[in-house]
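The values are calculated or read from the model by the stated rules, or taken from the named source; none is laboratory data. Quick caveat, the model's predicted, so the values are computed rather than measured. A quick note on method: Cβ atoms are made from the backbone with ideal geometry, for glycine too, and the neighbour counts reach across all protein chains shown.
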Amino acid sequence: MPLFSANEAAAANVPPIPSLMATTLTLLFLFALAVTLTLRLWLATRQIRHVRAHRHAVPAEFVGEIALSDHQKAADYTITKTRLGMINALVDTALIVALTLGGGLEWLWQLSAKLFDGDISRGLALVAGVTLVSGLVSLPFSIVSTFGIEARYGFNKITPRLFITDLMRGLVLSAALGLPILALVLWLMAKMGSAWWLWVWLAWTGISLLMLVIYPTVIAPLFNKFSPLDDASLKERIEALLSRTGFASRGVFVMDGSKRSSHGNAYFTGFGAAKRIVFFDTLLKQLSPAEIEAVLAHELGHFKLKHITQRMVLTFALSLGFLFVLGLLIDAQWFYLGLGVDTPSTAMALVLFFMAMPAFTFPLTPLSSLMSRRHEYQADAFAAQETDAGELIHALTKLYRDNASTLTPDPLHSAFYDSHPPAALRIAQLKGARP
């Protein structure tokens, strides 16, 4: 039983407990947003200063391998992207405040209620409205990044027509897949009682695994063309690597990444027996066959060392925890009031929680980055065992150069954000692994 009823609290000049908790949440939310924004801007400022300070000389480890002009290009590219990221951080924070405490979500919900009948339909409209607003706000940054920064530094290959086509395809695909999944989630939240969060988690986990299976053959081909690798000698080399590492896949494919960007990459896609190996066509032009084999060995290392499985398990565990916390908050009036919403609903609870959560979890980003960098070192060590470490060093050096990746990131910025170790540390580790 509460210590005060609402009337007693008013008579005693003491705010009701829900009001106190709502006010506390508002203050905590604003504090978390301020801390997150300050961290993002401070780290970005450090990155710019550090990269600029080391712009005029190639690091000793790369002298003779990377020209000063390429090093300076990478520095300028990094600084330019970081500055845009700072503006993006300010706009993102302003948008979150406008949608929550500024009343934007409440307005969208009231509009949805006027246009649609039924909680699920209104919920779908709310999420679609938030997605549309967020997309419109982020679109100028995407345009500037693609046709400004990427084009200025010689990386952009995408045409305005293809850019718009990709955007439209993405919207249609998101609606075709996302709306039915969201409808299922809202239905489970409404029908499964207090344990709804467990049912939602089971459904989300199953759908995520299914998407991993169908992505290579159903979704990815909507955006890119995938052709079987036709270089016989390279294919033979790759098949020999797969054989001695005991890795089975559904084939080796080349993706037409060059129609959008000159950046090179390679990756695995799919899940279980549906795994595919994919090379960007740009990568095949950048590297020699021995270097490609070494890069592939690194990627194989992630699978053989169970890194992919570990990340999936961690993701699923965290999602279960987040949904459990949302289950505790969903019926609390102060949760909605504290984030600027007067009308509770299951859809609003989802939107509020996943909009507010990043502000509170952002300071934990270095933990994820640390785990990822450890995995990268381990995958490099695996590649050095299965192939020539020198070839991987050469490949990485070319990729750092051709992708304009800075060789001199700020150590703190790198420790906070980077999923891969800094170039100098990674190369030094590989040199130690050479026979």
Problem set entry | Some residue of the range 283-297 being in contact (Cβ under 8 Å) with a residue 12 or more places away in the chain, under 20 Å from residue 421 (Cβ atoms) and surrounded by fewer than 16 Cβ atoms within 10 Å (Cβ to Cβ) | no
Exercise. Looking at residue 388, is it acidic (Asp, Glu), in contact (Cβ under 8 Å) with a residue 40 or more places away in the chain and crowded, with 17+ Cβ neighbours inside 10 Å?
Worked result: yes
Problem set entry | Number of positions in the range 97-123 that are among the hydrophobic types (A, V, I, L, M, F, W, C), out of contact with any helix residue (DSSP H, G or I) (no Cβ under 6 Å at 6 or more places or on another chain), part of a helix (DSSP H, G or I) and in contact (Cβ under 8 Å) with a residue 24 or more places away in the chain | 1
Problem set entry | Residues located in the range 128-143, provided they are among the β-branched types (Val, Ile, Thr) and either surrounded by 14 or more Cβ atoms within 10 Å (Cβ to Cβ) or farther than 14 Å from residue 84 by Cα (or both) | 130, 131, 133, 137
Exercise. Tell me, which helices (runs of 4 or more DSSP H) lie completely within the range 238-343 with 3 or more residues that are of a type in the set (Val, Ile, Thr) and modelled with pLDDT of 90 or more?
Worked result: 307-329
Problem set entry | Inter-residue pairs, beta-carbon under 8 Å, first of a type in the set (D, E, K, R) and in the range 200-212, second outside any helix (DSSP H, G or I) and surrounded by 14 or more Cβ atoms within 10 Å (Cβ to Cβ), 6+ apart | none
For this session: Those residues that are more than 14 Å from residue 37 (Cα to Cα) and either in contact with a Gly (Cβ under 8 Å, 6 or more places away or on another chain) or crowded, with 17+ Cβ neighbours inside 10 Å (or both), I need them from the range 358-368; list them, please.
Result: none
Exercise. How many residues, within the range 145-162, are in a helix (DSSP H, G or I) and surrounded by 16 or more Cβ atoms within 10 Å (Cβ to Cβ)?
Worked result: 4
For this session: Report whether or not residue 219 is among the β-branched types (Val, Ile, Thr), surrounded by fewer than 13 Cβ atoms within 10 Å (Cβ to Cβ) and either touching an Asp or Glu at 6+ places or on another chain (Cβ under 7 Å) or within 23 Å of residue 131 (Cβ to Cβ) (or both).
Result: no
Problem set entry | Single unsatisfied condition, residue 399 versus (1) crowded, with 19+ Cβ neighbours inside 10 Å; (2) more than 24 Å from residue 308 (Cβ to Cβ) | (2)
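Yes/no matrix, rows are residues, columns are (1) modelled with pLDDT of 95 or more; (2) over 30 Å from residue 260 (Cα atoms); (3) out of contact with any Gly (no Cβ under 7 Å at 6 or more places or on another chain):
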{"residue": "93", "(1), (2), (3)": "yes, no, yes"}
{"residue": "96", "(1), (2), (3)": "yes, yes, yes"}
{"residue": "113", "(1), (2), (3)": "no, yes, yes"}
{"residue": "117", "(1), (2), (3)": "no, yes, yes"}
{"residue": "159", "(1), (2), (3)": "no, no, yes"}
{"residue": "173", "(1), (2), (3)": "no, no, yes"}
{"residue": "183", "(1), (2), (3)": "yes, yes, yes"}
For this session: Take residue 124 and decide whether it is buried (at least 20 other Cβ atoms within 10 Å of the Cβ) and of a type in the set (A, V, I, L, M, F, W, C).
Result: yes
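Conditions (1) among the β-branched types (Val, Ile, Thr); (2) exposed (fewer than 14 other Cβ atoms within 10 Å of the Cβ), marked per residue:
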{"residue": "172", "(1), (2)": "yes, yes"}
{"residue": "176", "(1), (2)": "no, yes"}
{"residue": "189", "(1), (2)": "no, no"}
{"residue": "195", "(1), (2)": "no, yes"}
{"residue": "208", "(1), (2)": "no, no"}
{"residue": "233", "(1), (2)": "no, yes"}
{"residue": "236", "(1), (2)": "no, yes"}
Exercise. Any idea how many residues of the range 139-149 are without any contact (Cβ under 8 Å) to a residue 12 or more places away in the chain and either closer than 16 Å to residue 107 by Cβ or among the small types (Gly, Ala, Ser) (or both)?
Worked result: 2
Exercise. Can you name every residue in the range 405-420 that is surrounded by 20 or more Cβ atoms within 10 Å (Cβ to Cβ), in a loop (DSSP other than H, G, I, E, B) and not β-branched (Val, Ile, Thr)?
Worked result: 407, 409, 410
